[in-house]
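The values are calculated or read from the model by the stated rules, or taken from the named source; none is laboratory data. Note that the coordinates shown come from a computational prediction; the quantities given were computed from them, not determined experimentally. Ideal geometry is used to build each Cβ from the backbone, glycine not excepted, and the neighbour counts take in all protein chains shown.
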Amino acid sequence: MDDLSGKVALVTGAGSGIGRGIALACADEGMDVILADVQEGTAQAVAAEVEAKEVQALAVDLDVSDTVAYEWLAERVYDQFGELNLLVNNAGVMTAGPVSQGSQADWHWTFRVNLFGVINGVNAFLPRMRAQDGDAHIVNTVSMAGLRLNEQIPLGVYSSSKHAALAYTESLHDELATEGIGVSALCPGGVDTLIGMSERNRPNEFGGPSDQAARGFSPGMMSQQMNPEDVGRVVIRGVKANRRLIFSHPELRAQVERRYQRIMDDFDFFSQQD
Ligand SMILES: NC(=O)c1ccc[n+]([C@@H]2O[C@H](COP(=O)([O-])OP(=O)(O)OC[C@H]3O[C@@H](n4cnc5c(N)ncnc54)[C@H](O)[C@@H]3O)[C@@H](O)[C@H]2O)c1
């Protein structure tokens with residue numbers, strides 16, 4: 001999809017961080033943008049920034065784990081905009097701490113947003129995207145945590161959810177290639193967002209919200225990271241080129257190599273005779 005101008009994008013988790021950066025980058029390309037977020041009022045605030053770029057914006061409250069709300073949203077989007085050209089399943093939460101200490105609530109909440117939130121978005125929109133005449137592309141925000149294990153902070157629960165989201169996204173990329181629908185996994189490293197404060201959105205059934213930073217995180221730590229608006233521009237580049245993976249942090253290549261080298265070391269061990 002070379003020319004995004006006049007096309008329609010939907011971004012989940014658009015009220016903050018990377019979602020906001022992607023929404024603004026879409027607007028810069030001349031796209032109309034639907035902004036969805038679970039945190040009340042945040043999508044509305046970013047919608048005002050999008051509208052200032054002289055494109056249409058629609059802000060909606062949406063919990064990506066709610067399949068009924070997703071179905072309703074898909075109907076509304078197609079009624080109002082006629083088609084959806086770019087679906088960005090970006091909403092995500094981070095839980096931190098030793099993987100052996102992850103609670104049932106941590107596992108269920110993290111997977112419900114980071115994996116099932118992505119699947120729900122695809123399930124709600126893909127049938128309609130398949131039926132439309134216009135171009136269609138799906139971006140799922142994964143993470144470098146889908147490709148490597150964090151060497152500084154224990155993020156095993158989060159990383160497990162992102163590995164699953166990456167496998168899902170790559171499978172979808174291959175499946176939809178013959179239909180001309182692009183699929184990309186966005187894999188950022190550290191970005192200056194509120195991800196370290198994800199607990200603010202923890203639902204009551206999983207322990208309720210808190211203003212505590214995730215274990216091992218401090219707000220100052222995030223401010224040394226990449227600007228989310230720069231990530232938004234990288235996403236546009238990846239969509240235009242229909243890349244399977246979109247990398248915003250090429251300097252992290254060595255960490256992926258180290259991870260795969262450890263895997264290769266075990267292959268080599270078992271290929272040797274006793
Ligand atoms: N910040 C980083 O360093 C980093 C790195 C790699 C990947 N990511 C991923 O980027 C994505 C965006 O995170 P971010 O860093 O911008 O964090 P953020 O906390 O600033 O933004 C996440 C947004 O998702 C929304 N959200 C949370 N749960 C939701 C739900 N159930 N339904 C709808 N919206 C929900 C939040 O309200 C928030 O607006 C996530 O998938 C995250 O895992 C972030």
Fill in: Residue list for the stretch 169-190, restricted to those being surrounded by fewer than 21 Cβ atoms within 10 Å (Cβ to Cβ) and within 14 Å of the ligand (Cβ to nearest atom)
Gly189, Gly190
Worksheet item: Quick check: anything in the stretch 148-155 in contact (Cβ under 8 Å) with a residue 60 or more places away in the chain and closer than 18 Å to Val239 by Cα?
Response: no
Worksheet item: Any idea which of (1) more than 15 Å from the ligand (Cβ to nearest atom); (2) within 20 Å of the chain's Cα centre (by Cα) is the one Ala91 doesn't satisfy?
Response: (1)
Practice prompt. Can you tell me which residue within the stretch 26-52, out of those that are near the ligand (Cβ under 10 Å from one of its atoms) and part of a loop (DSSP other than H, G, I, E, B), is surrounded by the most Cβ atoms within 10 Å (Cβ to Cβ)?
Written response: Val38
Discussion item. With among the charged types (D, E, K, R), within 14 Å of the ligand (Cβ to nearest atom) and farther than 20 Å from Leu126 by Cα as the only criterion, which of Arg259, Arg200, Arg233 stands out?
Written reply: Arg200
Worksheet item: Within the stretch 83-97, is there a residue that is at pLDDT below 95 and surrounded by fewer than 20 Cβ atoms within 10 Å (Cβ to Cβ)?
Response: yes
Worksheet, complete the sentence: Just one listed residue, out of Tyr70, Tyr78, is outside any strand (DSSP E or B) and within 15 Å of the ligand (Cβ to nearest atom), and it is Tyr70
Discussion item. Any residue in the stretch 193-222 that is within 15 Å of Gly13 (Cβ to Cβ) sitting within a Cβ distance under 8 Å of a residue that is near the ligand (Cβ under 10 Å from one of its atoms) and hydroxyl-bearing (Ser, Thr, Tyr)? List the pairs, counting only those 6 or more apart or interchain.
Written reply: Thr193/Ser16; Leu194/Ser16
Practice prompt. For Gly15, state whether it is within 14 Å of the ligand (Cβ to nearest atom) and assigned to a helix (DSSP H, G or I).
Written response: no
Worksheet item: Inside the stretch 156-197, can you point out the residues that are of a type in the set (Asp, Glu) and farther than 18 Å from Val239 by Cα?
Response: Asp192
Discussion item. Here is a check on your reading of the model: is Asn242 within 20 Å of Val88 (Cα to Cα) and either within 13 Å of the ligand (Cβ to nearest atom) or in contact with a helix residue (DSSP H, G or I) (Cβ under 6 Å, 6 or more places away or on another chain) (or both)?
Written reply: no
